[in-house]
Amino acid sequence: MLEKREFYINGQWVAPAQPKDLEVIDPSTEEPCAVISLGSEADTNAAVAAAKAAFEGWSQTSKEERYALLEKLYANYKARSTEMAEAISMEMGAPMALAKTAQWGAGAGHIKNLMRALKEFEFERPLGEQAPGNQIIYEPIGVCGLITPWNWPMNQVALKVIAALAAGCTMVLKPSEISPLSSMLFAEMIDDAGFPAGVFNLVNGDGLGVGSQLSGHPDIDMISFTGSTRAGVAISKNAADSVKRVSLELGGKGANIVFADADEKAVVRGVRHCFNNTGQSCNAPTRMLVERSIYDQAVATAKDVAEKTSVDIASLEGRHIGPVVSELQYNKIQDLIAKGIEEGAELVAGGLGKPEGLDKGYFVRPTVFAGVNNEMTIAREEIFGPVLSIIPFDSEEEAVQIANDTLYGLTNYVQTQDGDKANRISRKLRSGMVQINGEMLGAGAPFGGYKQSGNGREGGVWGLEEFLEVKVVTGWS
């Protein structure tokens with residue numbers, strides 16, 4: 001078992017002020033794979049103090065200096081790709097094929113795209129011809145608390161850490177205590193790249209401990225959080241007393257609107273997307289809205305895809321989905337599947353319990369419900385597991401109404417070969433992202449949502465701007 005009790009503070013790996021061990025559980029085996037420490041307030045304060053002390057120097061570096069260090073970090077990240085994939089797979093259950101590609105690759109892509117954004121960004125620019133003496137200056141906001149989730153570890157760490165570094169901010173990262181190993185490896189890469197001491201700090205801990213200490217800390221200028229809407233609300237309240245900026249990327253309950261003229265692979269694509277990463281994605285298309293004339297066929301196709309989706313331990317090679325991350329998540333998903341059955345949804349694939357032959361590990365059967373209406377619990381709550389709800393509709397207007405009838409507004413999906421219809425509906429959907437006919441977000445696209453899905457944007461130039469303040473100076477010459 002790995003021993004990873006130390007924190008990275010002020011350029012050094014240091015022992016916790018007070019020992020408080022936590023075992024990291026391999027969700028494929030339910031056995032401990034590592035032990036970390038949960039930080040105390042003394043650890044949080046030490047990390048914040050280091051970041052505050054480093055800010056004056058780091059904030060005044062040129063973008064060329066920051067870019068050069070990010071290049072070194074990117075090289076380290078690529079060189080240690082296998083280690084990173086293995087850490088992610090072990091800590092949160094991503095199958096190795098997924099860990100080596102999408103999970104590791106998300107981090108690589110965001111580093112590269114944010115470097116591009118930094119290179120092209122003008123930190124100083126004139127206001128305009130109407131005010132020749134007015135200069136607009138973008139400056140780093142200050143010391144940032146970065147709190148990341150367990151489901152896509154490097155995706156979220158890279159989006160926050162790289163953007164903050166590029167902007168000239170200093171930071172304290174609190175990764176999820178459930179999946180901390182990849183972030184600790186990332187900290188080693190930052191150290192090897194030669195970033196100045198105190199610019200990046202890492203303290204492990206839980207939400208009630210280090211998370212709350214960061215969000216309420218008077219010397220933290222910004223909190224960037226990804227996780228549940230419930231936790232995002234708590235963070236916002238705790239941060240309010242110090243009027244710090246709070247950037248939130250929260251839950252989702254995406255609608256995938258499938259019209260009768262959709263391409264023949266639309267339903268298969270939608271089911272696979274829902275089940276990807278074992279359904280543990282905030283932008284998963286978990287509500288499939290299907291035009292009534294093709295509804296029965298869509299249900300049959302979804303049933304077939306679910307029954308052909310293999311489930312196995314994360315360390316194995318091959319195309320399969322792995323376990324969900326923890327016993328807590330497993331029990332929540334089981335409760336929601338039971339709720340779907342209780343409320344009258346038609347269970348057409350999967351259901352309660354574990355897949356055959358997988359008695360140990362937090363494995364969930366790929367599950368499809370038909371006959372769902374948008375008032376059912378499984379259509380309202382974010383399940384965060386491989387569970388799809390299929391809902392019929394009769395008109396464009398009804399489809400849009402159902403899609404928008406949710407607390408969330410992260411990603412919606414449209415499947416039709418009528419381009420005008422796709423564009424028309426995309427404008428009506430209340431979400432930060434709309435994906436048409438399976439086309440993924442482009443490099444540097446803004447990621448974020450409306451309503452209770454959050455209030456910020458990550459990725460590319462939008463992600464960089466999240467960590468910047470805007471200053472206007474008059475009389476500039």
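Going down the table (Lys308/Lys360; Lys160/Lys237; Lys78/Lys265), which pairs top 29 Å between alpha carbons? Can you show the working numbers first?
Details: Lys308/Lys360 21 Å; Lys160/Lys237 21 Å; Lys78/Lys265 34 Å.
Beyond 29 Å: Lys78/Lys265.
Suppose a student asked you for the relative contact order of the chain, using Cα pairs under 8 Å spaced at least 6 residues apart; what percent would you report?
Averaging sequence separation for qualifying contacts and normalising by length gives 19 percent for the chain.
Compactness ratio of region 321-422: Cα Rg over 2.2 N^0.38 Å, N = residue count? Display every interim value, and only then the final one.
Numbers: Rg = 15.5 Å, N = 102, 2.2 N^0.38 = 12.8 Å.
Relative to the 2.2 N^0.38 Å estimate, region 321-422 comes out at 1.21.
Using only the alpha-carbon atoms, how far is helix 104-120 inclined from the longest principal axis of the chain? Give it as 0 to 90 degrees, nearest 10.
Relative to the chain, helix 104-120 is tipped by roughly 50 degrees.
Compute the projected area of the convex hull of the Cα atoms of region 184-305, averaged over all viewing directions, and report it in nm² to one decimal place.
The number I arrive at for region 184-305 is 11.3 nm².
Going by average Cβ density within 10 Å per residue, which order do the peptides 396-406, 235-245, 156-166, 46-56 take, highest to lowest?
Taking the mean over residues of other Cβ atoms within 10 Å, the ranking is 156-166, 46-56, 396-406, 235-245.
Below 14 angstrom from the Cβ of Leu248, what's the summed charge of the other residues (Lys, Arg +1; Asp, Glu -1)?
Charge balance in the 14 Å sphere: +4.
Mind ordering 294-307, 436-449 by average Cβ neighbours within 10 Å, highest first?
Answer by packing, highest mean first, reads 294-307, 436-449.
Compute the acute angle (0 to 90°) between the alpha-carbon long axis of helix 266-275 and the principal axis of greatest extent of the alpha-carbon atoms of the chain; round to the nearest 10°.
60 degrees
Please get the size of the charge dipole for the chain, origin at its Cα centre, with Cβ charges of +1 on Lys and Arg and -1 on Asp and Glu, quoted in debye to the nearest 20. If you can, show how the numbers build up before the last one.
Numbers: 43 positive and 61 negative charges, 116 e Å.
In debye, rounded to 20, the chain gives about 560.
Please report the base-10 log of the normalised intensity I(q)/I(0) for region 182-252, using a Debye sum with one equal scatterer per alpha carbon and no solvent, at each q in 0.20 (1/Å).
Per q value, in the given order, log10 I(q)/I(0) is -0.91.
Bin by bin, in steps of 10 Å, what percent of the Cα pairs in region 255-443 do you find, going until the bin that has the longest distance?
All Cα pairs considered, the percentages come to 10, 40, 35, 14, 2.
How much FRET efficiency would the formula 1/(1 + (r/R0)^6) give for Asp192 and Glu342, where r is the Cβ-Cβ distance and R0 is 60 Å, rounded to 0.05?
Efficiency for this residue pair is about 0.65.
I'd like the Karplus ³J(HN,Hα) series for region 201-207: coefficients 6.51, -1.76, 1.60, θ = phi - 60°, whole numbers in Hz, and an x wherever there's a Gly or Pro.
Going residue by residue, I get 9, 10, 10, 6, x, 9, x Hz, with x marking Gly and Pro.
Roughly how big is region 39-121's charge dipole about its Cα centre, with Cβ charges of +1 (Lys, Arg) and -1 (Asp, Glu), in debye to the nearest 20?
About 400 debye.
If r is the Cβ-Cβ distance from Ser242 to Ala443 and R0 is 30 Å, what FRET efficiency results, to the nearest 0.05?
Rounded to the nearest 0.05, the efficiency is 0.30.
So what's the net charge close to Thr309: Lys and Arg +1, Asp and Glu -1, counting the other residues with Cβ under 15 Å from its Cβ?
It works out to a net charge of +3.
Positive end of the dipole of region 1-119, charges at C-beta (+1 Lys, Arg; -1 Asp, Glu), about the Cα centre: which of Ser59, Met90, Leu118 has its Cα farthest in that direction?
Leu118
Would you work out which of Pro132, Asn423, Pro355 lies farthest towards the positive end of the dipole of the chain? Charges go on Cβ: Lys and Arg +1, Asp and Glu -1.
With unit charges placed on the Cβ atoms, the residue in question is Pro132.
Per DSSP H run of n ≥ 4, the term is -39500 (n - 2.57); total these for the chain, divide by its residue number, and report the mean residue ellipticity at 222 nm rounded to 500 deg cm²/dmol.
-11500 deg cm²/dmol
For Lys20, which lysines qualify as cross-link partners when the Cα separation must be under 25 Å and same-chain residues fewer than eight apart are set aside?
Lys4, Lys174
Within 14 Å, Cβ to Cβ, of Leu208, how many net charges do the neighbouring residues add up to if Lys/Arg are +1 and Asp/Glu are -1?
Residues near Leu208 contribute +1 overall.
Quick one: grab Rg to one decimal and Dmax as a whole number for region 112-256, Cα atoms only, in Å.
Values for region 112-256 (Cα only, Rg and Dmax): 16.7, 54 Å.
Three principal axis extents, largest first, for the C-alpha atoms of the chain, in Å?
Principal-axis extents of the chain (Cα, largest first): 66, 62, 41 Å.
Using 1/(1 + (r/R0)^6) with R0 = 25 angstrom and r between the beta carbons of Ser315 and Ser228, what's the FRET efficiency to the nearest 0.05?
It comes to 0.35.
Put +1 on the Cβ of each Lys and Arg and -1 on the Cβ of each Asp and Glu in region 351-477; which of Met433, Ala403, Thr367 then has its Cα farthest toward the positive end of the dipole?
Of the listed residues, the answer is Met433.
None of the figures in this text is laboratory data; all of them are computed from the coordinates on show. Since the structure is predicted, the reported quantities are computational estimates derived from the model, not experimental observations. Positions of Cβ are generated from backbone atoms using ideal geometry, with glycine treated the same way; all protein chains shown enter the neighbour counts.
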